[in-house]
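These notes are about the structure you will find just below.
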Amino acid sequence: MTTISSAAAAPVRSSTLVRLLRLLRVLGDALATYWVRREAIKTLRQLDDRTLRDIGISRCQIEPAVAGELDIDLVRIR
């Protein structure tokens, strides 16, 4: 007769729980980042064109600038 110890099952539950918590943390971080970026875009869209030019972007560059995809050195507004 084979005996199965309950101690052997504990690490499986523990590692599954750790993975679930890690996934929840990653999803929470992604959601928080999304909200912060959307708020930054909203704030920049409320600025007038002159103010945007002062900070070095045009209206069509707001989203790439917030996402960090805009290389300001390559795109200079005159």
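Ranked by solvent-accessible area (1.4 Å probe, protein heavy atoms only, all chains present), the residues Glu63, Glu69 order from largest to smallest as Glu69, Glu63. Here r is the Cβ-Cβ distance between Glu69 and Arg13 and R0 is 25 Å; the resulting FRET efficiency, rounded to 0.05, is 0.05.
The length gained on full extension between Arg38 and Leu24, counted as 0.36 nm times the residue separation minus their Cα-Cα distance, comes to 2.9 nm. Note: relative contact order over segment 16-77, using C-alpha pairs below 8 Å and six or more positions apart, is 27 percent.
The values are calculated or read from the model by the stated rules, or taken from the named source; none is laboratory data. Note that this is a predicted model, so its numbers are computed, not measured. Methodologically, a virtual Cβ is constructed for each residue, glycine included, from the backbone with ideal geometry; neighbour enumeration extends over all protein chains shown. Remember, those area values only see protein heavy atoms, side chains included, never the ligands or the DNA or RNA. Shrake-Rupley method; radii C 1.70, N 1.55, O 1.52, S 1.80 Å.
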